[in-house]
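Read-outs: derived from the displayed coordinates by stated rules, not from any lab. Fair warning: this is a prediction, and the values are worked out from it, not measured in the lab. Quick reminder, even Gly has a Cβ in these numbers, built from the backbone with ideal geometry, and neighbours come from all protein chains shown.
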Amino acid sequence: MNDNHHDPKKNSDEELKKLIDELKRRNYKNSVFTSFGFMLHRDYVVHLLLSLGINIIIMATVMGISIGIGEPLVATNSIMGFLLAATLLTLLENMVKILLYRYAFRAILYSLGILSLAITMLIFYVINLIMQEGFYFESFIYLLIFTVGFTFFRLVLSTYVRRWMYIKNKRFNRR
């Protein structure tokens, strides 16, 4: 490989390493996962419960909006199907994202959220295949619209939850 100092890939890798080092130096009480938006709480069980709650709220919101405009994106037969889909989403998404953050962190940073959106869409598709009766999408375009709406609303709600948790921790750590 060429050892040229003007290699743009080498410069961006060095900048990325500097950025990560700077985040570590700031010594927030959060891990790298929390700093980059994956974890909602340092305790993983609390994180899973918060994720499940947020997923239930946002799935219900997107489903309600779509029903309100007269075009239901998801067909569900029961509340149990809905809750099972939300639980599957939470568990599968956490498993996949832990692996991605562990082994493909650079790809996540460079994708600017597109990879996360694609993974969420893939997980909803897998849930659609698993739960053919309890929770399913009528077409691919409904899956796409639901995933984009879900991701957008979840980003907004997760940001507020993180901000609230940060302010709460800052207030209690002053003592």
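Can you list the HN-Hα couplings for segment 139-156, worked out from phi with the Karplus curve (6.51, -1.76, 1.60; θ = phi - 60°), rounded to whole Hz and with x for Gly and Pro?
8, 5, 5, 5, 4, 5, 5, 4, 5, 5, x, 4, 5, 5, 5, 5, 4, 5
Report Rg(Cα)/(2.2 N^0.38 Å) for segment 34-167, keeping two decimals. Don't skip to the answer; put the middle values down first.
Numbers: Rg = 14.7 Å, N = 134, 2.2 N^0.38 = 14.1 Å.
My calculation over the Cα atoms of segment 34-167 gives 1.04.
Once phi is turned into θ = phi - 60°, what whole-Hz ³J(HN,Hα) does the Karplus curve with 6.51, -1.76 and 1.60 give for every residue of segment 91-103, x standing for Gly and Pro?
Values, residue by residue: 5, 5, 5, 5, 4, 5, 5, 4, 5, 5, 5, 6, 10 Hz.
Please give the contour-minus-distance gain from ARG42 to LEU112: 0.36 nm per residue of separation, less the Cα-Cα distance, rounded to one decimal in nm. List each step's numbers first, then the result.
Working: separation 70, 0.36 × 70 = 25.20 nm, distance 2.33 nm.
The ARG42-LEU112 span can extend by a further 22.9 nm.
How big is the dipole moment of segment 34-167 about its Cα centre under a simple scheme where the beta carbon of each Lys and Arg is +1, that of each Asp and Glu is -1, and everything else is neutral? Debye, nearest 20, please.
600 debye
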